[in-house]
Amino acid sequence: MYSAKRTEMVLNAERARNTERHKRQKKYKIQKRHKMQKGHKIQKRNKMQKGFKNMEKKMKLPIGIENFKKIRKDKFYYVDKTGLIAELLNNWGEVNLFTRPRRFGKSLNMSMLKYFFEYGCDSTLFDGLKIAEEQELCEEYMGKYPVISVTLKDASARDYKTAQNMLCSIIGNEAMRFQFLSESSRLSGRE
């Protein structure tokens, strides 16, 4: 009896030690896993921060900027929509209507079209963009036309007379850009 009782006590003690050892090992593994996960998260966060720093160095978001030339020259992030130019030229329409919700880039697209078609166009603005692949279209249309671009965004006034004066100023400033056309041999005296 003594030996059976002693054997049982020894087994119970061994089980207890094993259980304690198992608990310690489990706790150690959990702590190690947490440290690894924490380290991984820190490494991941550091990589993301480095990525954002690099992105800041390379490209900025053009929030509120509607000028195509400024976006391209100042290296802002730009989603290439120059395929619209080829689409407009290939699927010709007498009138084209651009309907999009607010903040969907209508003004930026109009600016892009202006810089593409306007006399004295800086072709480097379109380097690396989809339209640059369309060499025939670029040779035939890029920088070949006087482009009148009028936006009414800044013509907001509280009364009719002030609004009218603002509109006249906007149109007058745009017309002043084309004074060189008055010397063109293609225009009649009346034009």
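The values are calculated or read from the model by the stated rules, or taken from the named source; none is laboratory data. Since this is a predicted model, take the numbers as computed values, not measurements. The area values use the complete protein model at the heavy-atom level, side chains included, leaving out ligands, DNA and RNA. Shrake-Rupley method; radii C 1.70, N 1.55, O 1.52, S 1.80 Å.
Points to keep in mind about this one:
- Global geometry of the range 48-187, whether rounded, prolate or oblate, following the gyration tensor of its Cα atoms and the 1.5 cut on a/c: oblate
- Accessible surface of the range 104-166, 1.4 Å probe, proportion on carbon and sulfur as whole %: 51 percent
- Inter-part distance where the range 67-94 and the range 173-191 are each reduced to a Cα centre, Å: 27 Å
- Solvent exposure of the range 114-191 as accessible area per residue, Å², 1.4 Å probe: 77 Å²
- Couplings 3J(HN,Hα) for the range 99-116, derived from phi with the Karplus relation 6.51 cos²θ - 1.76 cosθ + 1.60 (θ = phi - 60°), are 10, 8, x, 4, 6, 9, x, 5, 5, 5, 5, 5, 5, 4, 4, 4, 5, 6 Hz, where x marks Gly and Pro.
- For the range 85-164: rounded, prolate or oblate by the Cα gyration tensor [a/c cutoff 1.5]: prolate
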